[in-house]
Amino acid sequence: MKLAVVTMTKGNRPMLLERCKKSVNDMLPADAEHIILPCDSKKEWPKIRIDALKLAPYVCFVDDDDVVVNNSIPICLRAMEENDVGVVFTDEALADLNGNITSIRAGVRRYDDNIDTPWSVHHLSVIQSNAVVDNLDHLLDQIDGVEWFIRSSAMKSKGALHVPIIGYKWTHHKDQASKHYPQFFKRTFDICRSGPIPQYAINM
């Protein structure tokens, strides 16, 4: 398996999970798998996320209430294989539970933006597993925004590449975790890079 598309779930949103699975399976590349991992609590979340990096050379996370669009998974995988960077990421649309787009995050991103917000380099992200710092387990009690930390570590090692398409519909609703922890991502992580993140020229 070359790419693991990982979805963690409590199993309490079956209709949304099925919508997620369909969006992934409709564009899953060859030699890739969509892996569903049970996760019952916030305490388990960082460890499961970190362990998922062992599943394949490339990993991307798709939450159980979200949807991938515009053939973004194979495009990001191709960009990663052609450029050997730590993270390849797309633009994202914010959507309500019915899939209606409420806003879009697009435009040029800078490495420096990553210090201020985890949402500058966000959905969809394909991460090169071996670009992430080894032995994260001893940091588990210090990491709240684990996926932000994973992406930052990979960017520090090998840089990033921006695919300028809407690749992901991020569902916003009152119960989602990111609304309850608005400040815990606010920290300094020196990725030793600055300036604009290069964009990938898409040849459809």
Loop sites in region 1-70: trypsin sites (Lys or Arg not before Pro), DSSP, at most 16 other Cβ within 10 Å: Lys2, Lys10, Lys42, Lys43
Neighbourhood net charge (12 Å Cβ-Cβ; Lys/Arg +1, Asp/Glu -1) for Thr102: 0
Mean projected area (nm²) of the alpha-carbon convex hull when region 3-180 is viewed from all directions: 9.5
Sorted by Cβ density within 10 Å, fewest first, the residues Met155, Met8, Met1: Met1, Met8, Met155
Inter-part distance where region 13-61 and region 66-113 are each reduced to a Cα centre, Å: 16
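Looking at region 3-180 only, what percent of DSSP beta bridges run antiparallel? Nearest 5 please.
In region 3-180, DSSP labels about 40 percent of beta bridges as antiparallel.
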Label zone at Met27 (point 7 Å along Cα-to-Cβ), backbone N below 13 Å, region 90-121: 90-93
Ranked list, fewest to most other Cβ atoms within 10 Å of each Cβ, for Cys20, Cys39: Cys39, Cys20
Estimated FRET transfer efficiency when R0 is 25 angstrom, pair Ile101-Ile202 (beta carbons, to 0.05): 0.75
For region 49-105, the fraction of alpha-carbon pairs in successive 10 Å shells from zero, as %: 18, 46, 30, 7
Gain in span if fully extended, Asn12 to Asp113, counting 0.36 nm per residue against the direct Cα distance: 32.9 nm
Likely footprinting exposure, Ser103, Ser41, fewest C-beta neighbours within 10 Å first: Ser41, Ser103
Total formal charge among the other residues, if their Cβ is under 14 angstrom from that of Leu77, Lys/Arg +1 and Asp/Glu -1: -3
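Bear in mind that the values in this text are calculations on the coordinates, not laboratory data. Computed from a predicted structure; not experimentally measured. Note that each Cβ is placed from the backbone with ideal geometry, even for glycine, and that neighbours are counted across all protein chains shown.
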